Amino acid sequence: MHPEINQSFTPRGSSKGSELTAHNQLAQEHPLRILVAEDNNINQKLIIEILKQIGYQADVVPNGLEVLATLKRQTYDLILMDVQMPEMDGLEATRLIIEQFSPRPRIVAMTAN
């Protein structure tokens, strides 16, 4: 992790204990199967850590081709999709998901640029 990135966030007026309780309740009350599509190892670790801090776990794939293959085996509620990836970028993968999968997961575009 980059040292300049704050690894935990505590809102003003709250304690670390109440923050953790709120995060755990969020994940318990709103369980999600999450897929992260990201080719950069550092970004993968950062995203997984942020999700972990709010009580979620995620599967990770490095490109759009792997997203499509994974969706054929497993359903997801949410995909955090990098826009620029090798082999198949996030935009093309999203177009194919819209065409081929129903119901389809929510897709959130991400980029480090």
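The values are calculated or read from the model by the stated rules, or taken from the named source; none is laboratory data. In this text, all values refer to a predicted model and were calculated from it rather than measured experimentally. Methodologically, a virtual Cβ is constructed for each residue, glycine included, from the backbone with ideal geometry; neighbour enumeration extends over all protein chains shown. Surface areas here come from the heavy atoms of the whole protein model, side chains and all, with no ligands, DNA or RNA. Shrake-Rupley method; radii C 1.70, N 1.55, O 1.52, S 1.80 Å.
Observations on the structure shown:
- So G13, is it on the phi > 0 side of the Ramachandran plot and modelled with pLDDT under 95: yes
- Only one of T70, T75 that is open to solvent by 60 Å² or more (accessible area, probe 1.4 Å), hydroxyl-bearing (S, T, Y) and more than 20 Å from T111 (Cα to Cα): T75
- Here is the figure for the stretch 31-51: residues that are part of a strand (DSSP E or B) and either open to solvent by 40 Å² or more (accessible area, probe 1.4 Å) or more than 21 Å from I98 (Cβ to Cβ) (or both) total 0.
- Residue match in the stretch 55-67 (condition: more than 12 Å from the chain's Cα centre (by Cα) and within 19 Å of L26 (Cα to Cα)): yes
- Qualifying residue in the stretch 97-112 (condition: in contact with a Pro (Cβ under 7 Å, 6 or more places away or on another chain) and either surrounded by fewer than 15 Cβ atoms within 10 Å (Cβ to Cβ) or over 16 Å from R33 (Cα atoms) (or both)): no
- Of all residues in the stretch 52-67 being in a helix (DSSP H, G or I) and open to solvent by 20 Å² or more (accessible area, probe 1.4 Å), the one that is nearest to D89 (Cα to Cα): L65
- Those residues of the stretch 28-40 which are of a type outside the set (D, E, K, R) and either within 22 Å of Q74 (Cβ to Cβ) or modelled with pLDDT under 95 (or both), in sequence order: Q28, H30, P31, L32, I34, L35, V36, A37
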